[in-house]
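A short worksheet on the structure shown next.
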Amino acid sequence: MRSSSLVAASLTAFALSALSLEAQAPQHPLDGLSGREHWTVYNALVASGRTDTTTSFLYVGLHEPSKSEVLSWKHGGPLKREALVHLTTGKSGYEAIVDITGNRVMSWTAGSEFDLVVANGRVVDPETKLDGIRSVGIRNGRIETISSTPLRGRIVLDATGLVVAPGFIDLHAHGQDLPAARMQAFDGVTTALDLESGTLPIAAAYAHIAKEGRPINYGFSASWLYARIAEKEGMEPTGAITFFQEAQRRKGWQFTLASPEETERIIARVERGLDEGALGIGVLAGYAPGYGRKEAFAVAQLAARTGVPAFTHVRYQSMIEPQSSFESMSEVVSLAAGTGAHMHISHLNSMSLRDIPRIGEMLRGAQARSLRITTEAYPYGAGSTVVGAELFRGNWRERLGGAVAGDIELGGVPFSDSTLAEAQAKSPGAWVIAHFLQPERTVADQDYLDQSVLFPGGAIASDGLPWTLRGQPLTGDVWPLPDDALAHPRSAGTFTRFLRDYVRERRKETLIDGLRRMTLIPAQILEGSVPQMKQKGRVQAGADADLVVFDLATVSERGTYTHPNRTAAGMRHVIVGGTPIIRDGVLVRDALPGQAIRRQGATRD
Ligand SMILES: [Zn+2]
């Protein structure tokens with residue numbers, strides 16, 4: 001502000017002073033307001049209906065133009081003159097910006113009050129390493145200030161004794177519907193993205209969610225597998241996960257090679273998804289393990305060319321060579337090396353089984369040689385998939401390291417050899433839970449799981465599935481979920497379980513390092529290709545106001561394999577884009593501030 005006047009005056013005095021000033025156009029864009037301009041500002045404010053007889057003007061001055069505007073003016077360009085006004089009406093303070101040229105009020109904000117203040121919490125930001133008692137001031141969906149002194153807000157949420165952290169970012173969330181999003185909100189998730197599978201068509205999937213509304217942010221990758229099924233089976237993808245379940249009844253896409261022409265069409269379908277704003281390429285390799293090496297190479301080349309990650313569920317899950325987990329990880333390493341693509345390995349825990357020491361060595365070696373390979377894991381010994389998956393065919397018991405049918409369960413009931421075969425034939429698309437590791441039973445398995453979950457630089461991601469009710473998808477505005485709704489408990493407890501088990505109880509990681517895996521690391525995995533993510537995963541001025549406020553002493557998952565349908569405990573407030581979606585531990589049911597996370601520069605629908 002170069003030239004300004006501080007005026008404490010009543011409305012009348014302001015008008016009189018404006019009248020008495022010489023009405024002359026300023027010569028320089030940084031010159032203060034003329035008398036005529038004061039008068040225009042006053043008229044615009046009165047016409048806006050915001051002022052009344054109690055209004056006092058505290059400050060009226062030039063809203064300083066940007067450097068580029070001044071430069072453009074110097075070269076003969078136009079200049080839009082704006083005024084900055086601070087005033088009080090009644091007991092409230094406001095800040096207005098008035099477009100003098102256009103004679104209108106452009107913005108009007110509660111000048112000295114924030115929209116929302118999260119007061120006196122232990123603010124933890126993994127990027128700046130801030131860990132201290134602060135108040136967070138939020139305006140227009142963004143964090144505006146982080147302050148050691150008290151802040152005034154229209155809404156103030158007390159965070160005394162609680163941790164204030166960036167909202168958790170889940171890179172692997174298949175449950176892209178309202179019930180799943182709400183369960184995840186209680187787990188502290190403010191952004192849930194389906195990147196490992198992804199979907200097609202992309203524009204339709206985004207449009208569907210935008211219409212329904214979401215409490216948390218959402219997004220998709222473009223699915224290579226959906227493109228492959230479409231080409232091999234002539235089934236058109238619908239943008240819904242039920243397409244994948246239905247495809248389990250067909251047998252033409254899992255083990256067939258794609259001809260060069262088919263490969264081209266598969267790539268074209270994926271690329272179209274990227275053009276429509278998908279966040280990367282979803283590569284569910286393990287569900288079609290018969291694809292060719294050249295097809296995989298073409299997919300990785302597309303990822304490299306478009307600068308997006310390839311989120312990969314690797315080809316094999318087995319302790320035994322050939323066709324082992326180790327071999328699959330080598331394939332990922334070779335694709336990263338041969339194309340320069342950013343390859344992301346989904347659920348390192350369930351894919352590595354008990355081979356994580358050797359697999360970890362290989363991945364660390366590749367990373368040390370500057371290959372762009374990232375990982376994620378979830379803190380459970382069991383996974384979940386469709387019962388008809390290739391994973392449970394052939395000599396699968398041996399390949400999974402001595403598994404039995406009873407390690408797989410449906411709705412809490414373990415299979416026998418005969419009931420498993422029956423389910424595979426009759427309902428291959430049914431979701432089941434499979435115990436790959438038994439951390440509850442053996443120390444060794446807990447150690448294998450820990451090595452995956454605590455892999456250096458790895459993210460925590462849930463692989464959360466949609467909820468089902470008596471075998472049918474549970475979607476729509478249902479809350480709370482019916483008692484007999486089912487999913488893997490990771491759909492409701494991945495992040496809070498990690499905080500309870502790895503941070504609070506077993507102290508495997510400090511709070512700030514644990515939070516880093518759930519906030520900054522996932523944001524950084526995406527931000528190279530998705531600029532929106534630079535504003536997420538941080539508690540910093542200018543960042544999106546996606547925040548969790550939780551009690552570290554009680555935060556915990558509550559769902560179990562037999563009773564998954566329990567919201568996690570400990571989240572006092574969960575905020576998305578400045579709007580509380582959980583307040584005092586209760587879901588704000590009509591709050592749907594979730595935004596699409598979508599790649600910029602892409603062609604839209
Ligand atoms: Zn998977």
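Between a first residue in the range 329-357 that is within 15 Å of P456 (Cα to Cα) and polar (S, T, N, Q) and a second residue that is more than 16 Å from the ligand (Cβ to nearest atom) and part of a strand (DSSP E or B), which pairs have beta carbons less than 7 Å apart while being 6 or more apart in sequence or on different chains?
Note: no pairs meet the criteria.
Looking at the range 342-378, which of its residues are buried (at least 19 other Cβ atoms within 10 Å of the Cβ) and among the aliphatic types (A, V, I, L, M)?
Within the range 342-378, M343, I345, L348, M351, L353, I356, I359, L363, A366, L371, I373, A377 qualify.
Need the failing condition index for M351 against (1) within 16 Å of the ligand (Cβ to nearest atom); (2) at pLDDT below 95, just the number.
Failed condition: (2).
Any residue in the range 48-67 that is of a type outside the set (K, R) and modelled with pLDDT of 85 or more sitting within a Cβ distance under 6 Å of a residue that is buried (at least 16 other Cβ atoms within 10 Å of the Cβ) and not in a loop (DSSP other than H, G, I, E, B)? List the pairs, counting only those 6 or more apart or interchain.
S48/V105; T51/L45; T55/L11; T55/L87
Mind checking whether some residue in the range 405-424 is modelled with pLDDT of 95 or more, in contact with a strand residue (DSSP E or B) (Cβ under 6 Å, 6 or more places away or on another chain) and either surrounded by fewer than 17 Cβ atoms within 10 Å (Cβ to Cβ) or of a type in the set (A, V, I, L, M) (or both)?
yes
Condition check: modelled with pLDDT under 95 and either within 16 Å of the ligand (Cβ to nearest atom) or in the same structural domain as P289 (by TED's automatic domain parsing) (or both). Does Q254 satisfy that?
no
In the range 451-478, which residues are closer than 11 Å to I356 by Cβ and touching a Phe, Trp or Tyr at 6+ places or on another chain (Cβ under 8 Å)?
V453, L454
Can you find even one residue in the range 382-394 that is away from the ligand (no atom under 16 Å from the Cβ), in a helix (DSSP H, G or I) and modelled with pLDDT of 95 or more?
No, that holds for no residue.
The values are calculated or read from the model by the stated rules, or taken from the named source; none is laboratory data. Bear in mind that the values here come from a model prediction, so they are computed numbers and not experimental data. Neighbour counts are summed over all protein chains in view; Cβ atoms, including those assigned to glycine, are modelled from backbone coordinates with ideal geometry.
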